[in-house]
Amino acid sequence: MHPSFYKRPFLIIFLIYILALALFLKVPKPKQDDIFHKIPAKAKLKVYINSYPRTKANKQFFTADVLNLNGAKQKGKIYLTCQDCPELMRGQIITFTAELGYPSNQENFGSFEWDKYLARKHIFTQATIENLLNTENPKNFWFYLSKVRASILKVFRNNLPASSAAILSGITLGEKGDIPESLYTAFQDSGAMHLLVASGGNVGFVTLIVYFLCSLFFGGRKRKAFIALIAALLYTLIAGADAPLLRAYLMTVAATIGFILGRKSGIMQGLLLAAFVILIVNPQSLFEAGFQMSFLATCAIILFTLNFKFSRKMPNLLRGALELFFVSLSAQLALLPIFTNYFYKISFSAVFSNLFLVPLSAVLMGGGFLLWLASFASFIFVPILFVMKFLLFCFEYLVNFFAALPFSNITAYALKPTAIIAFYILLFYLLNLPLFKKKLKSFCIVFALALLVFCSGFFIKQQEVTVLKGRYNLNVILREGKQTKMIGASISGSTARKALLALGTKEIDCLFINSLSKSYFYMLKDFDLKIKNIYLPYGEIPAEVEPILKDTKAQIMPIFQGQNYCAVSVENGWVLYDGVKQAGTNNNLSFKTAKIATTANLKAVKINDNIINF
C-alpha cells in the first residue's frame, strides 16, 4: 500500500461519511402510510416476496412488500413466517390471511434487539400466515433465479445427509437455515461461521472458474472477463445479493477492470467504493454486524497482503501455509471487538482451523455446483456424490474437532468504545508497519496515542443500575465500584449472562434471591458465569433447588429482615412506596440500596424517584 493512499480525497470523504452516520443516523421510524399503523388487525394481505425464503423445521421465513390490505392499496414491508406451506419463491405474489403484530421487542440490555434489526431494514410489522389463499408466479427475473436456487438446494437435500446438505447449502449459497443447533455452535466456536455466508471468496471463485473455462474455448481478455463478470453477477443475485456479496462483486469488478487495462487493480479502492455504494443505498447497513464483519475482515486481509510479502525463495507449500495463517490471523484480529461485543466469545482456534477449512470449503463450493450440474447426467452423478459425501464428512469432522479444543470458545465481556478505538489504532499500525521508516519512534507515538484513548475510558461513567424483565418478575443488576450485585433470579440464565457481559463483567459478587419458591431460582439452571455469594431468605429450600444451588459452587447464606448484606438492606414484604401494591407472602423480601428500592416480589423497582413496573 503506497502511503499516498491515505491522503486521497475519496478516503477522507468516506471516513467523514461513516463518522457522520455513526454520530447522527437514527433508527428509522415507520412512515404515515406504512402498514405498521394498521396493527393490531386480522387482515387479508397481498404481498410481493422480496427475499429468498429461509427454511427451518417446516417453517419458511421471508420479507415482502405489501401490495394491498383487505382489497385496498397499502405500502410498507413485512416479515412473514409460514408453517407447512408449499415451497415459496422470491418474486412470487401471495395472498393470505394473518394477524398483524409488532416485531418482538427484547427490552433486556445486552440481548439481540430483533425489532431494531428489522427497523434498520425499514420493516416494522411481522405476521404468521394463517391461511395461504393464492400464489401467483409473475415469471419475473427473481422468480427464475429462485427456481435455479431451489433446484440446487433440492439436489443437496435429496441426496446428502441432513447435516451435510445444510453445510453444502451454506458454503455454496449462504443458506444455513437447516443446520442443527449443535453444529451451528460448533461453527461459531471453531471460527468457521464465515464459511456459511456467501461472500467475497465465493464471488471471486466463480469469476476465476468461468474465466478459466472461457479460456478453453476462445481468446480475448475483454470477452472472457465480461462473461466471467456476468456469471459472478448471476451468482451474487442467486445467493441473495446481501451486503457481503454486493461488496465482493463490486470489488471483483474493480479488480477485473484493472486486469483488462493491464494496470494495478486498486483493490482497496474497490473495497471503499463497494462500501460507499452500499452505505449510500442503505445507510443503516453500517450498524449491521454482517456489514461490519465483512468490511473489517476484508480490509485487514487487503492491508496485510499489500504490505507484507514473503520471500520467493521459500518452498511454495510453506509460503502458502504462512500466507494463509497470517491472512486468517489478520481477519480474526480485525473481528475481535465484533466477537466480544456481539457474541461475547472469542475463538483462538479460528486461526488454525481456517488453514484447513478455507481451502476445503473452496473445493466443496466447486463440487456443489458440479454436483448440481451432474444431476442432469446420471452416469457421472453417483461418483461425484460419493466424493462429495466423503469431503463433507471430513469438513464436518474438522469443524467439530476445532470446536472441541480448549481455547475454541472463550467467554469475553464487551469492550468499551475507547478500548475498541485503541485496539484498532494498534492493529492499523501493525498492518501498515512496513510503511513506517522509523519503526521504534512511530511505535512509541502510536502506542502512547492508543494508551491515552484506552485510559480515557476510565472517565466514562459505568451503567450503575440495569433492570431486566423476566417472565413474571423484574431483576436488577447493580454496579458499585468493583462489585457486581444482582437482585432477583427469575430470568433465564442466558439473558442474565448477556446483560452482565455487555456491562463488562464475568461474575456476580452478591446474588440476592427474594423468595424460596422454586420459580425464583430459574436463572441458576443455565447460568455459566461465576457467582461468589448467594443470599436467600431463611427457611426450607425446595428439594429440587438444592442440587442447582450446589452446582453454582457459590457460598450460600440465609438472610433476615432488617439486616444489611453486601451493602444491601433487607426489608420485609410490605409496600415500599405509593402506587405499588404488595404481592406475594411475607416470606418474599424487598431490598434497598442507595440507588434502588424494590417491592417484595420485584414487580416494581424504584430508581431515583422513578418507578419501573413489570
- Query: Can residue 78 be described as out of contact with any Leu (no Cβ under 7 Å at 6 or more places or on another chain), buried (at least 21 other Cβ atoms within 10 Å of the Cβ) and either part of a helix (DSSP H, G or I) or β-branched (Val, Ile, Thr) (or both)?
  - Reply: yes
- Give just the number: which of (1) under 30 Å from residue 27 (Cα atoms); (2) buried (at least 19 other Cβ atoms within 10 Å of the Cβ) does residue 338 not satisfy? (2)
- Query: What tally of residues in region 124-179 results from selecting those that are on the phi < 0 side of the Ramachandran plot, under 26 Å from the mean Cα position of the chain (by Cα) and not in a helix (DSSP H, G or I)?
  - Reply: 10
- Restricting to region 212-251, what's the tally of residues that are modelled with pLDDT under 75 and more than 17 Å from residue 295 (Cβ to Cβ)? 9
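Yes/no matrix, rows are residues, columns are (1) closer than 20 Å to residue 606 by Cβ; (2) more than 29 Å from the chain's Cα centre (by Cα):
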| residue | (1), (2) |
| --- | --- |
| 465 | yes, no |
| 469 | yes, no |
| 473 | yes, no |
| 479 | yes, no |
| 490 | yes, no |
| 497 | no, no |
| 514 | yes, yes |
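Could you check region 374-480 for helices (runs of 4 or more DSSP H) lying wholly inside it with 2 or more residues that are touching a residue at least 60 places away in the same chain (Cβ under 8 Å) and surrounded by 15 or more Cβ atoms within 10 Å (Cβ to Cβ)? Please lay out each step first, then the result.
Values: elements: 378-403, 417-431, 439-456.
Per the criteria, 378-403, 417-431.
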- Odd one out for residue 67, checked against (1) free of Cβ contacts under 8 Å to residues at least 40 places away in the same chain; (2) within 30 Å of residue 167 (Cα to Cα): (2)
- Conditions (1) without any contact (Cβ under 8 Å) to a residue 40 or more places away in the chain; (2) assigned to a loop (DSSP other than H, G, I, E, B); (3) more than 24 Å from residue 288 (Cα to Cα); number of the one not met by residue 112: (3)
- Might you check whether a residue that is in a strand (DSSP E or B) and in contact with a strand residue (DSSP E or B) (Cβ under 6 Å, 6 or more places away or on another chain) occurs anywhere in region 518-531? yes
- Within region 15-58, residues under 20 Å from the mean Cα position of the chain (by Cα) and more than 30 Å from residue 299 (Cα to Cα) come out as 53, 55, 56
- Query: Of the residues 275, 350, 297, 289, which is touching a Lys or Arg at 6+ places or on another chain (Cβ under 7 Å) and hydrophobic (A, V, I, L, M, F, W, C)?
  - Reply: 275
- Query: For residue 146, which of the numbered conditions (1) over 25 Å from residue 281 (Cα atoms); (2) among the hydroxyl-bearing types (Ser, Thr, Tyr); (3) out of contact with any helix residue (DSSP H, G or I) (no Cβ under 6 Å at 6 or more places or on another chain) fails to hold?
  - Reply: (1)
- Can you tell me which residue in region 585-602 is modelled with the highest pLDDT, limited to those that are crowded, with 18+ Cβ neighbours inside 10 Å and outside any strand (DSSP E or B)? 593
- Message: When you scan region 547-559, do you find a residue that is surrounded by fewer than 11 Cβ atoms within 10 Å (Cβ to Cβ) and within 22 Å of residue 603 (Cβ to Cβ), even just one?
- Response: no
- Name, by its number, the condition in (1) buried (at least 21 other Cβ atoms within 10 Å of the Cβ); (2) over 24 Å from residue 204 (Cα atoms); (3) within 17 Å of the chain's Cα centre (by Cα); (4) not hydroxyl-bearing (Ser, Thr, Tyr) that does not hold for residue 192. (2)
- Taking only pairs six or more apart or across chains, which ones have beta-carbon atoms under 8 Å, a first residue in region 284-296 that is closer than 15 Å to residue 121 by Cβ, and a second residue that is of a type in the set (Gly, Ala, Ser) and surrounded by fewer than 18 Cβ atoms within 10 Å (Cβ to Cβ)? 286/22
- Message: I need every pair where a residue in region 482-496 that is surrounded by fewer than 21 Cβ atoms within 10 Å (Cβ to Cβ) has its Cβ under 9 Å from the Cβ of a residue that is in a loop (DSSP other than H, G, I, E, B) and among the aromatic types (Phe, Trp, Tyr), sequence separation at least 6 or different chains.
- Response: 492/527; 493/527; 494/527
- Working carefully through the options 86, 138, find the one that is surrounded by fewer than 14 Cβ atoms within 10 Å (Cβ to Cβ), at pLDDT below 90 and over 23 Å from residue 202 (Cβ atoms). 138
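Which residue is modelled with the highest pLDDT, if the candidates are limited to region 198-211 and must be in contact with a Pro (Cβ under 8 Å, 6 or more places away or on another chain) and either farther than 17 Å from residue 327 by Cβ or part of a helix (DSSP H, G or I) (or both)?
First pass over region 198-211, keeping only residues in contact with a Pro (Cβ under 8 Å, 6 or more places away or on another chain): 198-200.
Still in the running and either farther than 17 Å from residue 327 by Cβ or part of a helix (DSSP H, G or I) (or both): 198, 200.
On the way: 198: 68, 200: 61.
Of everything passing the filter in region 198-211, 198 is modelled with the highest pLDDT.
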- Query: Exactly one of (1) more than 22 Å from the chain's Cα centre (by Cα); (2) at pLDDT 90 or above is unmet by residue 503. Its number?
  - Reply: (1)
- Query: Within the set of pairs 6 or more residues apart or between chains, which connect a residue that is modelled with pLDDT of 85 or more inside region 169-187 to a residue that is small (Gly, Ala, Ser) with Cβ atoms less than 7 Å apart?
  - Reply: 171/361; 171/368; 172/368; 173/198; 173/239; 183/163; 186/403
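The values are calculated or read from the model by the stated rules, or taken from the named source; none is laboratory data. Please read these numbers as outputs of a predicted model, since none were measured by experiment. Don't worry about glycine lacking a Cβ; one is built from the backbone with ideal geometry, like all the others, and counts go over all protein chains shown.
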